[in-house]
1. Select from segment 1-11 the residues that are modelled with pLDDT of 95 or more and not charged (D, E, K, R) and write down the one among them that is farthest from TYR109 (Cα to Cα).
2. Give the residue that is nearest to the chain's Cα centre (by Cα), with candidates limited to residues of segment 75-98 that are within 16 Å of TYR109 (Cβ to Cβ) and small (Gly, Ala, Ser).
3. Of the residues that sit in segment 49-80 and are polar (S, T, N, Q) and under 26 Å from ASP145 (Cβ atoms), which one is surrounded by the most Cβ atoms within 10 Å (Cβ to Cβ)?
4. Can you name the strands (runs of 3 or more DSSP E) wholly within segment 98-162 that have at least 2 residues being of a type in the set (A, V, I, L, M) and at pLDDT 95 or above?
5. Just to be sure I understand, how many residues within segment 8-48 are surrounded by fewer than 12 Cβ atoms within 10 Å (Cβ to Cβ), assigned to a loop (DSSP other than H, G, I, E, B) and either polar (S, T, N, Q) or in contact (Cβ under 8 Å) with a residue 40 or more places away in the chain (or both)?
6. Got a sec? Which of GLU101, GLU82, GLU77, GLU139 is farther than 24 Å from ARG64 by Cβ and among the acidic types (Asp, Glu)?
7. Name the residues in segment 110-143 that are of a type in the set (S, T, N, Q) and either in contact with a strand residue (DSSP E or B) (Cβ under 9 Å, 6 or more places away or on another chain) or over 21 Å from LEU97 (Cβ atoms) (or both), would you?
8. Take segment 49-92 and flag every residue that is in a helix (DSSP H, G or I), of a type in the set (D, E, K, R) and either in contact with an Asp or Glu (Cβ under 7 Å, 6 or more places away or on another chain) or in contact (Cβ under 8 Å) with a residue 40 or more places away in the chain (or both).
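The values are calculated or read from the model by the stated rules, or taken from the named source; none is laboratory data. Worth saying up front: this structure is predicted, and the values here are computed from it rather than measured. Don't worry about glycine lacking a Cβ; one is built from the backbone with ideal geometry, like all the others, and counts go over all protein chains shown.
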Amino acid sequence: MKVWKYGDNINTDMLFPGKYTYTCSKPEEIKPHLLEDLDAEFSNNVQPGDILIVGKNFGCGSSREQPTVGLKFVGIEAIIGESFSRIFYRSAINQGLILIECPDAVKEYTKDMPVKIDYQKSIIFIGDKTFNFPKLPPEILAIRDAGGLLEYTRKKLQERGK
């Protein structure tokens, strides 16, 4: 597991360049362009289970889905941030991508420190320190576990016999 750290105001064009909006819609098409203008190493080296630690206003910009689709596709476990754009936050929920607001954890993290998240206890472990974050609603975790809102909804409808 690797931790990738980025600063404030990382917008959707930095996460996925707008010039590909109408030519890349499938996750496998999105992956090579993730963060290409911000971090040329990201798309080739990201692994399932990796974590992003980000500053303020992460995901600001347009309402394109490609950034969240791509980050979920490559297996990002969670994004720990100081704050998130509301549009990005909603798109992340739709994809089943976990966002955790915990400014103190972001400020504590430095390169190569181990990071672990206990979702049940709402604790982030960074090195030998712990940071509490607001408990994630069970529905958010269920959407993540289902693979996104669409699959979660399908599952709920099947459970109800519809």
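1. Taking segment 1-11 first, the residues modelled with pLDDT of 95 or more are 2-11.
Restricting the remaining residues to those that are not charged (D, E, K, R) gives 3-4, 6-7, 9-11.
On the way: VAL3: 10, TRP4: 10, TYR6: 11, GLY7: 12, ASN9: 18, ILE10: 18, ASN11: 21 Å.
Ranking the qualifying residues of segment 1-11, first place goes to ASN11.
2. Residues of segment 75-98 that are within 16 Å of TYR109 (Cβ to Cβ), as a first pass: 76-83.
Then keep just the ones that are small (Gly, Ala, Ser); that gives 78, 81, 83.
Values: ALA78: 5, GLY81: 10, SER83: 12 Å.
Checking each candidate, the answer is ALA78.
3. Filtering segment 49-80 down to residues polar (S, T, N, Q) leaves 57, 62-63, 66, 68.
From what's left, under 26 Å from ASP145 (Cβ atoms): 63, 66, 68.
Details: SER63: 11, GLN66: 25, THR68: 28.
The residue in question is THR68.
4. Working: elements: 98-101, 115-118, 123-126, 129-132.
Hits in segment 98-162: 98-101, 115-118, 123-126.
5. 2
6. Working: GLU101 fails: farther than 24 Å from ARG64 by Cβ; GLU82 fails: farther than 24 Å from ARG64 by Cβ; GLU77 fails: farther than 24 Å from ARG64 by Cβ.
None of the other options fit; the residue is GLU139.
7. So in segment 110-143, the residues of a type in the set (S, T, N, Q) come out as 110, 120, 122, 130, 132.
Those that are of a type in the set (S, T, N, Q) and either in contact with a strand residue (DSSP E or B) (Cβ under 9 Å, 6 or more places away or on another chain) or over 21 Å from LEU97 (Cβ atoms) (or both): THR110, SER122, THR130, ASN132.
8. First, pick out the residues of segment 49-92 that are in a helix (DSSP H, G or I): 66-73, 86-92.
With the extra rule that they be of a type in the set (D, E, K, R), the set shrinks to 72, 86, 90.
Of everything in segment 49-92, just one residue is in a helix (DSSP H, G or I), of a type in the set (D, E, K, R) and either in contact with an Asp or Glu (Cβ under 7 Å, 6 or more places away or on another chain) or in contact (Cβ under 8 Å) with a residue 40 or more places away in the chain (or both), namely LYS72.
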